[in-house]
Amino acid sequence: MAKLNLKSITREAKKEIERSKNLKDLDFIFKKYLGKKSEVSQALRLFKDLSGKEKQKIGKEINTFKNSFKKEIKNKIERIKKEDNKVSGKKDWFDITIPGKKIESGHLHPLTMTKRRIEEIFQKMGFEIAQGSEIETAWYNFDALNIPTDHPARDAWNTLWLKEKDKNGEQFLLRTHTSPMQIHYMEKHNPPLRLIVPGKTFRREATDASHNFQFYQVEGLMVDKNVSIPHLKAVISNFFRLFFNKKVEVRLRPDFFPFTEPSFEISMSCLACGGKGCKVCKKTGWLEMGGSGMIHPNVLKACKLDPKKWQGWAFGFGWDRLAMMRYKIKEIRMFNAGNLRFLKQF
Ligand code: PHE
């Protein structure tokens, strides 16, 4: 083992540390004396060949050198930092009263807030919340709802078909309304039933400010031995009153849906003009909200319920329209535009 003159190394190192001017110099000095190529490291590599006594002696000397060398370096670093702070006017303390960085947190989407409000109101009226599937078969979307293959109402709902088929070979489609869930629910549950189904629906449509190919509906269903149209009107009126926190008139006018008989169009008095007639309601004083009616006996039969024993009503309306009215939004496509400037307002 080459003779290691630790005394002179210590002296040299000390001098160099004193002369150093900045952290870069110190880094260089540290590597020179303790880095891989330093004399000390080279000596340590041959350490294993030494006798026990020598090991003890030299080991101790090297440790003493290392400790004092590191201490010198540390002291010098502190001195350099202090000098730097003096020059730049910085202080060694920080102001704990400076406000922290604000952590940005998001909030619920206006459609989600609307959905939750709808659910809350119906739950208070004793309705269950059910969730359907966005993918259905023609049986659930059409046939079981009394819309056979050649029915003209099927054309009105130009459907988005998927390539995949179910295990019976029936082709899947994206549901055009939430009504298929009426069938699923009545298949699995025995009346009396009271439920709503909020969900996403799809239609092959051209879009404009109030139409989109993907939108949201809420289906309502009540089945019992003695339910009738006055119940339907009362539930809908109560819902609108609570949702808008205002007295709202509800109007039912004859309409046609294959799965309800009789069927009604649901309108409510225009909130913008209070029913007097304005641009929003196209001077009619009414806003069209959705469809409804007494469940057609064929639908009950498709769910293996006896129409002589059970009766019920159903309704369906778009809740993106409700959200638009609630938040005074004029353009339905904004909901899915991913525009933060729009979303941050709610
Ligand atoms: N499913 C119908 C639609 O999408 C609405 C509706 C639901 C009508 C329930 C009557 C009963 O237009």
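The values are calculated or read from the model by the stated rules, or taken from the named source; none is laboratory data. Quick caveat: nothing in here was measured; it's all calculated off a predicted structure. Neighbour counts run over all protein chains shown; Cβ positions are idealised from the backbone, glycine included. Note: accessible area is taken over every heavy atom of the protein model, side chains too, but ligands, DNA and RNA are not part of it. Shrake-Rupley method; radii C 1.70, N 1.55, O 1.52, S 1.80 Å.
Here the accessible area of the chain is 53 percent carbon and sulfur, with a 1.4 angstrom probe and all protein chains present.
The trypsin sites (Lys or Arg not before Pro) of segment 31-66 that meet both conditions, a loop assignment by DSSP and at most 13 other Cβ atoms within 10 Å of the site Cβ, are Lys36, Lys37.
An oblate overall shape is assigned to segment 110-343, the ratio a/c of its alpha-carbon gyration tensor axes (a ≥ b ≥ c) being 1.5 or greater and a/b not exceeding b/c.
Overall shape: oblate for segment 225-272, with the ratio a/c of the largest to smallest alpha carbon gyration tensor axis at 1.5 or above and b/c at least equal to a/b. Pull out a ≥ b ≥ c, the square roots of the eigenvalues of the alpha-carbon gyration tensor of segment 36-120, then state rounded if a/c is under 1.5, prolate if not and a/b is larger than b/c, and oblate in the remaining case. In terms of gyration-tensor shape, oblate.
For segment 1-69, the list of GluC sites (Glu not before Pro) that fall in a loop by DSSP and count at most 10 other C-beta atoms within 10 angstrom is empty. Summing Cβ point charges (Lys, Arg +1; Asp, Glu -1) relative to the Cα centre of the chain gives a dipole of roughly 3100 debye. Springs join every pair of Cα atoms under 10 Å in this Gaussian network model of the chain, and among Thr260, Thr64, Thr149 the largest mean-square fluctuation is at Thr64.
Say the dipole of segment 110-343 comes from +1 at the beta carbon of Lys and Arg and -1 at that of Asp and Glu; which of Val235, Val299, Ser269 then lies farthest toward its positive end? Sorting the options by dipole projection puts first Ser269. Separation of the alpha carbons by more than 29 angstrom is noted, of Lys3/Lys81; Lys246/Lys282; Lys37/Lys70, for Lys3/Lys81. For the pair segment 222-241 and segment 5-64, the centres of their Cα atoms are 91 angstrom apart. Over the residues of the chain, the helix contribution to mean residue ellipticity at 222 nm works out to -12000 deg cm²/dmol, using -39500 (n - 2.57) for each DSSP H run of at least 4.
Computed over protein heavy atoms with a 1.4 angstrom probe, the accessible surface ordering of Ser267, Ser88, largest first, is Ser88, Ser267.
In the full protein context, the chain carries 63 Å² of accessible surface per residue, based on a 1.4 Å probe and ignoring ligands, DNA and RNA. Taking GluC sites (Glu not before Pro) across segment 185-284, the ones in a DSSP loop with at most 15 further Cβ atoms lying within 10 angstrom of their Cβ are Glu205, Glu249. Residues Trp286, Trp93, Trp157, ordered by accessible area of protein heavy atoms at a 1.4 angstrom probe radius and largest first, appear as Trp93, Trp286, Trp157. Which of Phe94, Phe215, Phe172 moves the most in a Gaussian network model of the chain with Cα springs under 10 Å? Of the options given, Phe94 has the highest mean-square fluctuation.
When the Cα positions of Ile77, Leu50, Ile9 are compared along the charge dipole of segment 6-88, Leu50 comes out farthest toward the positive end, with charges on each C-beta of Lys, Arg, Asp and Glu. Pairs spanning more than 25 Å between alpha-carbon atoms, out of Lys31/Lys71; Lys21/Lys57; Lys124/Lys301; Lys48/Lys71; Lys163/Lys200: Lys21/Lys57; Lys124/Lys301; Lys48/Lys71.
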